[in-house]
1. Take region B:6-22 and flag every residue that is over 17 Å from B:Arg59 (Cα atoms) and of a type outside the set (A, V, I, L, M).
2. Checking B:Leu134 against (1) buried (at least 21 other Cβ atoms within 10 Å of the Cβ); (2) facing chain A (nearest Cβ under 9 Å); (3) farther than 24 Å from B:Phe188 by Cα, which single condition isn't satisfied?
3. Mind telling me which of the residues A:Ala295, A:Ala287 ends up being modelled with pLDDT under 80, surrounded by 17 or more Cβ atoms within 10 Å (Cβ to Cβ) and part of a helix (DSSP H, G or I)?
4. Tally up the residues in region B:38-79 that are free of Cβ contacts under 8 Å to residues at least 12 places away in the same chain and in a loop (DSSP other than H, G, I, E, B), please.
5. Against the condition over 20 Å from A:Asp262 (Cα atoms) and not in a helix (DSSP H, G or I), how does A:Leu188 come out, does it pass?
6. Residues A:Leu89, A:Leu22: which one is assigned to a helix (DSSP H, G or I) and under 35 Å from the mean Cα position of the chain (by Cα)?
7. Could you list all residues from region B:137-160 that are crowded, with 21+ Cβ neighbours inside 10 Å, part of a loop (DSSP other than H, G, I, E, B) and more than 9 Å from every other protein chain (Cβ to nearest Cβ)?
8. Looking at A:Leu308, A:Leu320, can you tell me which residue is in a helix (DSSP H, G or I), buried (at least 20 other Cβ atoms within 10 Å of the Cβ) and among the aliphatic types (A, V, I, L, M)?
Amino acid sequence: MGPRLQHYLKDAGLTALVAAGLAFFIVGFRTYDIGKGLTFDYQFVDLGIAVVAIFFGRLGLSLAADGHDWPALVLGAALGAVGASPIKLPSTFLHWFVGLAGLLVVLRTIWPWANRGLAAARHSPRGVPVGQAIAKWLGAGLLAVAVVMPMTPLADQKTMDLAVLILTYVMLGWGLNIVVGLAGLLDLGYVAFYAVGAYSYALLSTQFGMSFWSVLPLAGMMAASFGLLLGFPVLRLRGDYLAIVTLGFGEIIRLVLLNWVDLSNGPAGIGSIPGPTLFGAVFAETAPEGSQTFAEMMGIPFSGNQRLIFLYYIILALALVTNFFTQRIRRLPVGRAWEALREDETACKALGINPTNTKLTAFAVGAMFAGFAGSFFAAKQRFISPESFTFIESAIILAIVVLGGMGSQIGVVLAAVLLIGLPEWFRDLGAYRMVAFGLAMVLIMVFRPRGLIAHREPSVRLHPARRAPVHRKGLA
Amino acid sequence: MLEVREVATFYGAIQALHGVDLDVAAGEIVTLIGANGAGKSTLLMTICGSPRARTGSIRLEGQDITHLPTHEIVLRGVAQVPEGRRIFPRMSVYENLQMGAIVADPAHFQKDIERVFEMFPRLAERREQRGGTLSGGEQQMLAIGRALMSRPRLLLLDEPSLGLAPLIVRQIFEAIGRIAREEKVTIFLVEQNAYHALRLADRGYVLVNGRVRLSGTGRELLANPEIRSAYLEGGHE
């Protein structure tokens, strides 16, 4: 490795030089507001440490790329150790930076090993692809955890809040998965239907005193009819053009809510929305006239967590309904037509499928679930305003579907945990958490370009042992 | 069965078909041959309603279908094996066949799929495999099988031999012959492989620059010196 080593060093040195040049003004200087103007300070130590880390990181990467696994691992581990060590670096960010660089080198080194292992294990002896088996057990395991979780001591207020938030996005992801994953229609305005559902509940409950459970189906229907409304004009469009129009639709709904003050109370939003009740019992410390609280009904002391746990089970149930519905409908003609439409619209027409109706049903059904989720959101927050329904929400939901692997139900769960959960857990990272978030997204797209779970589960499973009419005929 | 009268089709300002007349009687195998760009596929697609004929009429079993959308034409007993096969690559063979039966009565699904598997045993072997992983010949078999699942009375095939090895081409044409004989399906076949198509067909039409240049029985056309020099010599077998 003698002459090669020189080459690696040169390459790493060049990389470090470029990094130093790029970062010189960005990292090297820092401006301060001193009241009557700006002054600046030098941060050349930070810059130096970062450049050294980049030098060794690059060295480790090129060693790993050429198969020098052990030197690369040592380098990666050393960087990681420095990042994690109590040695005082000038900032926490530098600790993270150096540590992550080490992690990256280690990951890059063991990536081929992991790949080889996966390839060997891809088929278990019975011929069932291991990925499918894992996905199945993962699903059952996650469900069990989800059901039991609120009863464990883990379920403090912070965790439950986050769990409810994640489940809301799981449900939205599953709903959008019908439109994007199954039917292949790129919808960038999904949040519009979420908003319709939320405002349906907010208005019907505050203006007409209707309960959560009676509004829920109405909100779904309202959102579904908005889905049809959007569907009609965009049927002829495909791909990018469809995405642009749906994007516009999402914004139109938000702007209407913002400006139609008589209906929606505009930017001030709608407050004091009643929460959902359980057989008429409210989740609050004191019940309003003529009803009782949950704690009174059960004869237990009141705790603020009861409300959260109740909300948690509602959204869990709603999400499971969405999932169950999707799994079923995939086996029905309309669901199969959605998938076929995603694959090849021309072929669909040649088989007698009416593409117009098929797309409309996909839009309407997807919108309906967003409507359910929306009224849940309004009931949980007790206050909604147009600010909750911006484009970034649509983008996050779409990112969940795409990262999860289009059409994969379990992938949506993993992606929702990753996208919603991680930024919350990483709050300690402060301003850098969005950088970590972006990095995670980029890494997923590099290593799993078709999503976390790219495998498409067939809608029919044939068991050759039990059902092989043709072969048997030949033998008999 | 099928009457095409004076059909003219345009792509924007460009006229692809100049008043084509053509008949397919019930139970026949009729082929349409011609060079690249002669308008063969355009005619087949016009029969399916996309693009629409600008003038002229198309009648199926006496009823005018000129202005119907594609999916409604299919509901009237026409199945199409599109050019380039267009199977659903991410779906299994079985699911592809299910898609073919999506407009059919589910009562005879099991019987129909067994018929298809009997005709193409290769599909039975690969029924759980994804469509996109099949070989070209198998994909063509799947496309034909999928079209049959809707129990059509008229089957339209667009260049089923395209890009296939000679041995596979022969198998495909044999299968088409069996479909016509055993399933009593009327067949309209668009082909560049004039030799195989004319040998199989009862009658044939030759399309040149969007006009029917010649027509006759398969045997007559095979023997026609003009056809021989333009489409057969130096080509096949």
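1. Selection gives B:Phe10, B:Tyr11, B:Gly12, B:Gln15, B:His18.
2. It is condition (2) that B:Leu134 fails.
3. A:Ala295
4. Of the residues in region B:38-79, 1 are free of Cβ contacts under 8 Å to residues at least 12 places away in the same chain and in a loop (DSSP other than H, G, I, E, B).
5. So A:Leu188 fits the description; yes.
6. That would be A:Leu22, the only listed residue that is assigned to a helix (DSSP H, G or I) and under 35 Å from the mean Cα position of the chain (by Cα).
7. Passing the criteria: B:Pro152, B:Glu159, B:Pro160.
8. Only one candidate qualifies: A:Leu308.
The values are calculated or read from the model by the stated rules, or taken from the named source; none is laboratory data. Here the structure is a predicted model, which is why all the values come from computation and not from measurement. FYI the Cβ positions are ideal-geometry reconstructions off the backbone, even for glycines, and counts take in every protein chain you see.
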